[in-house]
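Below: one structure, written as structure tokens.
The values are calculated or read from the model by the stated rules, or taken from the named source; none is laboratory data. Keep in mind the model is a prediction, meaning the values are calculated, not measured. No Cβ is skipped: glycine too gets one built from the backbone with ideal geometry, and neighbour counts run over all protein chains shown. When the accessible area is computed, the model is the full protein with side chains, heavy atoms only, and any ligands, DNA or RNA have been set aside. Shrake-Rupley method; radii C 1.70, N 1.55, O 1.52, S 1.80 Å.
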Number of protein chains: 2
Amino acid sequence: MPLPLNRDSVLQAHELIKPHIHLTPVQTNTTLSNLASTPQSHDALKGTPWEGQDPAKPKIRLFFKCENFQRIGAFKVRGAFHAVKRLIEEQEIEEVRRKGVVTHSSGNHAQALALAAKTFSIPAHIVMPTISTPSKIAGTQAQGANIHFSGSTSQEREAVVKEIVKQTGATLVPPYDHPNILLGQGTAALELQSQAAELMATDKGLSVAEGKQGLDAVITPCGGGGLLSGTAVAMFGTGIRVFGAEPSFQGADDARRGVESGKRIETVKTLTIADGLRTPLGEVTWKIVSDNGMVRGLYSVAEEQIKSAMRLVLERMKCFVEPSAVVGLATVLYNEDFRRMVEKEAGEEGWNIGIVFSGGNTTVEAISKLFAPATEAKAERAEGVVGQDGSKMAENVAG
Amino acid sequence: MPLPLNRDSVLQAHELIKPHIHLTPVQTNTTLSNLASTPQSHDALKGTPWEGQDPAKPKIRLFFKCENFQRIGAFKVRGAFHAVKRLIEEQEIEEVRRKGVVTHSSGNHAQALALAAKTFSIPAHIVMPTISTPSKIAGTQAQGANIHFSGSTSQEREAVVKEIVKQTGATLVPPYDHPNILLGQGTAALELQSQAAELMATDKGLSVAEGKQGLDAVITPCGGGGLLSGTAVAMFGTGIRVFGAEPSFQGADDARRGVESGKRIETVKTLTIADGLRTPLGEVTWKIVSDNGMVRGLYSVAEEQIKSAMRLVLERMKCFVEPSAVVGLATVLYNEDFRRMVEKEAGEEGWNIGIVFSGGNTTVEAISKLFAPATEAKAERAEGVVGQDGSKMAENVAG
């Protein structure tokens with residue numbers, strides 16, 4: 001008895017998970033809103049498809065949902081807590097405690113599921129590739145999960161998961177491609193919507209247009225599509241447009257390309273610095289993301305644009321985020337297709353745009369690699385062997 | 001008619017500057033409070049004066065006053081706005097506008113004074129050494145100030161200031177050694193005190209001791225001593241103990257050493273990574289900081305300890321701070337003298353300690369230099385020629 005994929009289900013999910021998550025702040029920043037409302041220089045467009053054209057002049061006011069301040073440092077706890085709480089409703093807590101839950105992930109979802117399971121004294125099995133960074137393994141172990149190692153291909157991972165399910169009866173909680181997960185992730189947009197409206201109601205300076213008291217659009221990063229599709233479901237019927245943002249590096253913009261060609265892209269091989277977005281869409285998330293009535297558009301940005309947006313968020317907002325988190329902001333600041341669309345649709349009034357900062361799980365070493373003057377790290381990346389975060393190139397297959 | 005240096009004057013300063021500053025948040029963090037309440041390992045004490053001894057076991061709950069989110073990214077606007085508003089009260093606004101204000105500083109105070117002056121349409125003259133980093137020059141120019149260049153010794157700077165005063169009649173607003181400046185800086189502690197009490201009243205989990213509803217101590221960084229002495233004045237008579245924290249590198253702990261020897265140290269030559277704390281105490285701040293009834297103790301920490309605290313604040317709190325900002329936290333986490341004192345004085349009940357994060361004006365490049373694997377930068381530093389931020393060694397004389 002899966003929940004229908006609509007706003008009401010996201011509202012119900014929110015009630016279920018509220019006691020377990022932080023109400024993360026929504027922040028505004030005058031410098032960044034001004035920058036978004038300033039046309040890019042002609043120089044900035046050199047070497048891009050928009051070279052020689054007049055830069056767009058959109059009017060944009062930004063509202064940032066800071067999920068980097070969320071528990072475990074990312075929005076992923078929303079989906080994980082929702083999935084676990086639904087499981088308890090469906091199977092009774094004793095049964096869930098006897099069988100446990102299992103997932104294959106080396107990222108934020110692993111820690112999120114481990115935390116949610118620990119909260120209800122449920123055993124969690126996490127299948128991680130042996131090449132996972134030690135800090136990720138330690139972080140997940142710290143949440144009390146049982147770590148199982150596997151090879152790095154999806155077949156190898158799935159084999160280990162199957163074996164665990166066979167031995168324990170554990171329920172698979174996938175990282176994004178499941179209704180309960182995406183409904184949980186959609187709760188961030190619910191909060192963003194009402195927090196932004198509240199900010200606008202109390203500070204008239206934030207909204208130039210008289211009487212305009214809400215968001216016009218929300219943009220989120222898109223990897224496996226859990227956050228984006230959940231946001232689209234949550235905002236459907238509100239009049240708030242939903243957009244997705246991806247890195248373009250080495251074909252990481254599988255959602256945009258898939259929608260363009262009308263067919264889901266099932267495999268992605270990329271080492272984009274936005275390492276949370278290296279995964280292709282899943283079957284469930286594809287249905288929502290590729291539906292133009294749900295997600296109004298997909299945009300992609302270059303690695304340098306992600307870095308530039310990240311620098312602004314760190315240095316100007318004093319807010320510690322991971323590269324994946326700022327792909328939406330990079331789109332708003334640097335993607336001329338997006339900016340022209342806003343200029344055309346929003347006109348003189350401009351738009352109030354909500355941006356979801358998805359997480360802040362990076363390290364000072366990773367930042368050093370991103371922003372230090374050219375070193376061997378760069379050379380290795382040019383060869384396409386090792387990612388900025390030291391990860392080896394592995395096929396990312398929709399899960 | 002200077003104001004008396006007491007809490008009431010800080011309260012008056014607060015009323016004056018409130019419309020011009022942000023009420024920055026006070027944050028708590030379970031991980032960091034737990035870490036502060038965990039004894040250091042015997043290994044961590046190796047090579048320190050406490051090697052082989054039993055590590056202290058203090059109980060500590062931390063409250064962070066995030067002045068990195070303040071306007072211009074640092075507490076310095078508090079003193080600057082206070083000084084400028086007092087000047088307007090004393091001289092009439094037309095006279096101040098005709099004459100202007102002047103200071104010698106290449107750091108946060110320059111931008112703070114430029115902003116305060118701009119707010120009231122007062123011309124600001126900022127004397128900067130020609131070796132200042134371009135970003136600092138640009139940041140100050142962006143606030144509309146007139147930049148004047150000088151040599152990097154204090155004599156050269158003062159000569160340029162004198163010339164400006166002679167030509168324009170501008171009033172000197174020093175960076176820290178002035179009653180109005182330190183009374184302004186003290187307002188951060190006023191806010192911290194009431195915000196922390198409010199947090200404790202609404203979340204019982206934050207304070208282990210029943211009925212304990214306030215801070216026991218505040219610790220701030222100490223460079224020129226404006227923030228520390230202002231905090232001491234603001235907290236005097238409240239029962240809240242005030243402590244100061246300094247880097248120990250190359251004698252940057254001039255306040256601690258001065259108090260120990262009973263004589264103010266007037267010159268400091270250090271390239272500590274906490275570049276906001278390279279200055280010695282001034283005459284006014286020395287009187288307060290060296291008064292044991294005002295400042296209960298001074299502690300110093302090593303460069304690696306500052307880096308380690310900075311990593312925790314960035315990666316765990318997701319809060320973007322500059323190295324100078326975390327010297328207080330480094331003391332609480334790593335200085336065994338401080339930790340033993342807390343264990344002894346606070347006993348089983350423990351202390352609620354307020355920590356002022358003084359600012360967040362650093363760059364991703366500076367972080368890269370701090371945390372990247374060993375490179376030439378390190379070799380240069382070892383030679384003592386160039387600071388982590390690229391600054392050349394120059395004498396810092398109390399101003």
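Have a look at A:29, A:34, A:108 and point out the one that is within 30 Å of residue A:318 (Cβ to Cβ) and not assigned by TED's automatic domain parsing to the domain that holds residue A:339. Give the derivation first.
On the way: A:29 fails: not assigned by TED's automatic domain parsing to the domain that holds residue A:339; A:34 fails: not assigned by TED's automatic domain parsing to the domain that holds residue A:339.
Result of the check over A:29, A:34, A:108: A:108.
Could you please find all residues in the range B:300-312 being without any contact (Cβ under 8 Å) to a residue 60 or more places away in the chain and either of a type in the set (Lys, Arg) or surrounded by 24 or more Cβ atoms within 10 Å (Cβ to Cβ) (or both)? Break it down stepwise before answering.
Taking the range B:300-312 first, the residues without any contact (Cβ under 8 Å) to a residue 60 or more places away in the chain are B:300-306, B:308-309.
Once the filter is applied, which keeps residues that are without any contact (Cβ under 8 Å) to a residue 60 or more places away in the chain and either of a type in the set (Lys, Arg) or surrounded by 24 or more Cβ atoms within 10 Å (Cβ to Cβ) (or both), the range B:300-312 yields B:300, B:301, B:306, B:309.
Has the range B:215-227 got at least one residue that is open to solvent by 50 Å² or more (accessible area, probe 1.4 Å), touching a residue at least 60 places away in the same chain (Cβ under 8 Å), over 24 Å from residue B:274 (Cβ atoms) and not basic (Lys, Arg)? Walk me through how you get there before you give the answer.
Step one: filter the range B:215-227 for residues open to solvent by 50 Å² or more (accessible area, probe 1.4 Å), giving none.
Checked the range B:215-227: no residue is open to solvent by 50 Å² or more (accessible area, probe 1.4 Å), touching a residue at least 60 places away in the same chain (Cβ under 8 Å), over 24 Å from residue B:274 (Cβ atoms) and not basic (Lys, Arg).
Which residues, taken from the range B:114-135, are open to solvent by less than 40 Å² (accessible area, probe 1.4 Å) and out of contact with any Phe, Trp or Tyr (no Cβ under 9 Å at 6 or more places or on another chain)?
B:114, B:117, B:120, B:122, B:124, B:125, B:126, listed by residue number.
Within the range A:341-366, count every residue that is more than 12 Å from the chain's Cα centre (by Cα) and under 23 Å from residue A:214 (Cβ atoms).
Residues that pass the stated criteria total 14.
Select from the range A:259-278 the residues that are of a type outside the set (A, V, I, L, M) and over 16 Å from the mean Cα position of the chain (by Cα) and list them in ascending order. Show your work before the answer.
In the first step, residues of the range A:259-278 are kept if they are of a type outside the set (A, V, I, L, M); the result is A:260-264, A:266-267, A:269-270, A:272, A:275-276, A:278.
Once the filter is applied, which keeps residues that are of a type outside the set (A, V, I, L, M) and over 16 Å from the mean Cα position of the chain (by Cα), the range A:259-278 yields A:260, A:261, A:262, A:263, A:264, A:266, A:267, A:269, A:270.
If you take the residues in the range A:262-309 that are part of a loop (DSSP other than H, G, I, E, B) and of a type in the set (Gly, Ala, Ser), which one is farthest from the other protein chains (Cβ to nearest Cβ)? First the steps, then the outcome.
Of the residues in the range A:262-309, the ones part of a loop (DSSP other than H, G, I, E, B) are A:262-266, A:269-274, A:278-282, A:290-296, A:302.
Next cut, of a type in the set (Gly, Ala, Ser) only: A:262, A:274, A:282, A:290, A:293, A:302.
Values: A:262: 39, A:274: 16, A:282: 28, A:290: 33, A:293: 35, A:302: 18 Å.
Checking each candidate, the answer is A:262.
Looking only at residues that are touching a Lys or Arg at 6+ places or on another chain (Cβ under 7 Å) and not in a loop (DSSP other than H, G, I, E, B) in the range B:142-174, which one is farthest from residue B:282 (Cα to Cα)?
Checked the range B:142-174; the qualifying residue farthest from residue B:282 (Cα to Cα) is B:168.
Here is a check on your reading of the model: is residue B:365 of a type in the set (Asp, Glu), open to solvent by 10 Å² or more (accessible area, probe 1.4 Å) and either within 21 Å of residue B:186 (Cα to Cα) or facing another protein chain (nearest Cβ under 10 Å) (or both)?
Working: of a type in the set (Asp, Glu): yes; open to solvent by 10 Å² or more (accessible area, probe 1.4 Å): yes; either within 21 Å of residue B:186 (Cα to Cα) or facing another protein chain (nearest Cβ under 10 Å) (or both): yes.
So residue B:365 fits the description; yes.
Please work out which residue is modelled with the highest pLDDT, limiting yourself to the range B:175-222 and to residues that are in a helix (DSSP H, G or I) and of a type in the set (Asp, Glu).
Residues of the range B:175-222 in a helix (DSSP H, G or I): B:179-185, B:187-202, B:204-206.
So of that shortlist, the ones also of a type in the set (Asp, Glu) come out as B:191, B:198.
Numbers: B:191: 98, B:198: 93.
The qualifying residue modelled with the highest pLDDT is B:191.
Take the range B:41-65 and flag every residue that is touching a Phe, Trp or Tyr at 6+ places or on another chain (Cβ under 9 Å) and closer than 23 Å to residue B:357 by Cα.
Residues satisfying the conditions are B:58, B:59, B:60, B:61, B:64, B:65.
Applying the selection to the range A:72-82, what residues are open to solvent by 10 Å² or more (accessible area, probe 1.4 Å) and either at pLDDT below 95 or more than 14 Å from chain B (Cβ to nearest Cβ) (or both)?
First, the residues of the range A:72-82 that are open to solvent by 10 Å² or more (accessible area, probe 1.4 Å): A:72, A:75-76.
Within the range A:72-82, A:72, A:76 qualify.
Mind telling me which of the residues A:93, A:60, A:17 ends up being free of Cβ contacts under 8 Å to residues at least 60 places away in the same chain and among the aliphatic types (A, V, I, L, M)? So that I can check it myself, show each step before the final result.
Values: A:60 fails: free of Cβ contacts under 8 Å to residues at least 60 places away in the same chain; A:17 fails: free of Cβ contacts under 8 Å to residues at least 60 places away in the same chain.
Among A:93, A:60, A:17, only A:93 is free of Cβ contacts under 8 Å to residues at least 60 places away in the same chain and among the aliphatic types (A, V, I, L, M).
Restricted to the range A:223-261, and to residues that are of a type in the set (Val, Ile, Thr) and part of a helix (DSSP H, G or I), which residue is nearest to residue A:108 (Cα to Cα)?
If we filter the range A:223-261 for residues that are of a type in the set (Val, Ile, Thr), which is where we start, we get A:231, A:233, A:238, A:240, A:242, A:259.
After this cut, where a residue has to be part of a helix (DSSP H, G or I) as well, the list is A:231, A:233, A:259.
Values: A:231: 18, A:233: 22, A:259: 27 Å.
Per the criteria, the residue is A:231.
Find all pairs meeting these conditions: Cβ atoms under 7 angstrom apart; at least six residues apart or on different chains; first residue within the range B:256-270 and not assigned by TED's automatic domain parsing to the domain that holds residue B:219; second residue assigned to a loop (DSSP other than H, G, I, E, B) and surrounded by 15 or more Cβ atoms within 10 Å (Cβ to Cβ).
Sorted first by the residue in the range B:256-270, then by its partner, the list stays empty.
Within the range B:310-339, how many residues are away from every other protein chain (no Cβ under 12 Å), part of a helix (DSSP H, G or I) and more than 12 Å from residue B:60 (Cα to Cα)? Explain how you work it out, then say what you get.
If we filter the range B:310-339 for residues that are away from every other protein chain (no Cβ under 12 Å), which is where we start, we get B:324, B:326-339.
Cutting the leftovers down to part of a helix (DSSP H, G or I) gives us B:324, B:326-334, B:336-339.
Now restrict to residues that are more than 12 Å from residue B:60 (Cα to Cα): B:324, B:326-328, B:330-331, B:334, B:336-337.
Going through the range B:310-339 one residue at a time, the tally reaches 9.
Taking the condition of being surrounded by 20 or more Cβ atoms within 10 Å (Cβ to Cβ) and in contact with a helix residue (DSSP H, G or I) (Cβ under 8 Å, 6 or more places away or on another chain), how many residues in the range A:250-261 meet it?
3
Hey, can you tell me all the residues within the range A:281-303 that are among the β-branched types (Val, Ile, Thr) and within 11 Å of residue A:228 (Cα to Cα)?
First, the residues of the range A:281-303 that are among the β-branched types (Val, Ile, Thr): A:284-285, A:288-289, A:295, A:301.
Answer for the range A:281-303, where residues must be among the β-branched types (Val, Ile, Thr) and within 11 Å of residue A:228 (Cα to Cα): A:285, A:288, A:289, A:295.
Take the conditions out of contact with any Pro (no Cβ under 6 Å at 6 or more places or on another chain), among the acidic types (Asp, Glu) and surrounded by fewer than 20 Cβ atoms within 10 Å (Cβ to Cβ) and apply them to residue A:203. Does it pass? It would help to see each step written out before you state the result.
Values: out of contact with any Pro (no Cβ under 6 Å at 6 or more places or on another chain): yes; among the acidic types (Asp, Glu): yes; surrounded by fewer than 20 Cβ atoms within 10 Å (Cβ to Cβ): yes.
So residue A:203 fits the description; yes.
Looking at this structure, is residue B:338 buried (at least 18 other Cβ atoms within 10 Å of the Cβ), under 20 Å from residue B:55 (Cβ atoms) and either in the same structural domain as residue B:213 (by TED's automatic domain parsing) or of a type outside the set (D, E, K, R) (or both)? Give the steps one after another, and end with the answer.
On the way: buried (at least 18 other Cβ atoms within 10 Å of the Cβ): yes; under 20 Å from residue B:55 (Cβ atoms): yes; either in the same structural domain as residue B:213 (by TED's automatic domain parsing) or of a type outside the set (D, E, K, R) (or both): yes.
Here the answer is yes, as residue B:338 does meet what is asked.
For the range A:342-357, how many residues are touching a Pro at 6+ places or on another chain (Cβ under 8 Å) and either open to solvent by 10 Å² or more (accessible area, probe 1.4 Å) or within 12 Å of chain B (Cβ to nearest Cβ) (or both)? Outline the logic, then answer.
So in the range A:342-357, the residues touching a Pro at 6+ places or on another chain (Cβ under 8 Å) come out as A:342-343, A:346, A:350-351, A:356.
Among the residues that remain, those that are also either open to solvent by 10 Å² or more (accessible area, probe 1.4 Å) or within 12 Å of chain B (Cβ to nearest Cβ) (or both) are: A:343, A:346.
Going through the range A:342-357 one residue at a time, the tally reaches 2.
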